[in-house]
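For reference, the structure is listed below as structure tokens.
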Amino acid sequence: SAPVSSSARLPVPALNITDSNGTQALNASAKFVATPEGTALAYGSLVFMALLPIFFGALRSVTCSKSKVRRLERLTLQLRYNASDMPETITGRDAARFPIIASCTLFGLYLFFKVFSQEYINLLLSVYFFGLGVLALSHTMSPLMSRIFPDSFSNKQYQLLFTQGAEETKEEIVNYEFDTKNLVCLLISSVVGVWYLLKKHWIANNLFGLAFALNGVELLHLNNVSTGCILILSLCLQVFGTNVMVTVAKSFEAPIKLVFPQDLLERGLEASNFAMLGLGDIVIPGIFIALLLRFDVSLKKNSRTYFYSSFLAYIFGLGLTIFIMHTFKHAQPALLYLVPACVGFPVIVALIKGELTEMFR
């Protein structure tokens, strides 16, 4: 996806004004000219929000990876484990196929919005993302809740179990274990979900978007650096020269993007002229940055050189995207700038340290 400004300072053929629900308002007379302060606040906030899920998602991916090793060790002893809690590992074959699948899915959504009523599609998607958002936000909040609740809190354990078949052929369909703290997280997330479903408020959208991005960075694991390079470089080529992503991102009334109003200083929380950043511009580089953090940990040198270099590269790439967008007054595919930066900086560091072979092993 591309960072897009809905401010009418940009040419109308390139970008449309959006109202508070994200629907298009094509009346050019309703243009809003963002102030420099409002623009700086909007894009500064987007950059900050993009960095949060990458940083904390990468840290949590290390914990998740260690948990995977412990579960595999228990698997050897017990010959069973709950696979639903395991991170999804992306192999080289998956990385090669992913751009094709993503292109077909994206183009299919593009055609849907061209052929069918946008209102009914967004209604269906809102209900779908309500369920996903509640679960994602609950999972994101869970570690924080564990720290907030005192040790004296009565934390009861529960298990939701569905099976099919008789005693000898009984097969587990769902086996979900949770506790009282998880229920509190689920309740709070449901309140946010209802708020989003009824009001489509940009704050509720961002809470779900941040949760989706953090969970993606945490749970989607690349198996090696070569796979990561194949994945993000192919996606970089995919977004070049097409307006399909921008069209879909602007048409979707779903938390697949982070938004921040450029007229916040003038209209407060009811502001409606948004700048936005697609979650793909966060998650795709984010899973590569998380991989480099796990590579740093595997070196056992008590250093986070590759993680910090790629993290700084992401900041540089996103800043360059915003600069070029305002220079040429047109929405930009952020991956076109983020991918070379996030790959190039760590590779240069590896060349300097003489660890390039070890990195791609």
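The values are calculated or read from the model by the stated rules, or taken from the named source; none is laboratory data. These figures come from a predicted structure and were not determined experimentally. In this analysis, Cβ positions are derived from the backbone assuming ideal geometry, glycine residues included, and neighbour counts consider all displayed protein chains. These area figures cover heavy atoms from the full protein model, side chains too; ligands, DNA and RNA do not enter into them. Shrake-Rupley method; radii C 1.70, N 1.55, O 1.52, S 1.80 Å.
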Legend entry - Rounded to whole Hz, the Karplus (6.51, -1.76, 1.60) HN-Hα couplings of the stretch 33-47, x for glycine and proline: 9, 5, 6, x, 5, x, 5, 5, 5, 5, 6, x, 5, 4, 5
Inset, instruction - Report in % the part of the accessible area of the stretch 206-361 that belongs to carbon and sulfur, leaving out ligands and nucleic acids; probe 1.4 Å. - result: 69 percent
Inset, instruction - Mind listing the long-range amide H neighbours of LYS257? Cut-off is under 5 Å, sequence gap 5 or more, other chains count too, H placed in the peptide plane at 1.01 Å from N. - result: LEU279
Legend entry - For peptides 201-209, 108-116, sequence by mean Cβ density within 10 Å, most packed first: 201-209, 108-116
Legend entry - 1.4 Å probe accessible area per residue over the stretch 169-328, in Å²: 41 Å²
Legend entry - For HIS221, distant residues with modelled amide H under 5 Å away: GLU88, THR89, ILE90
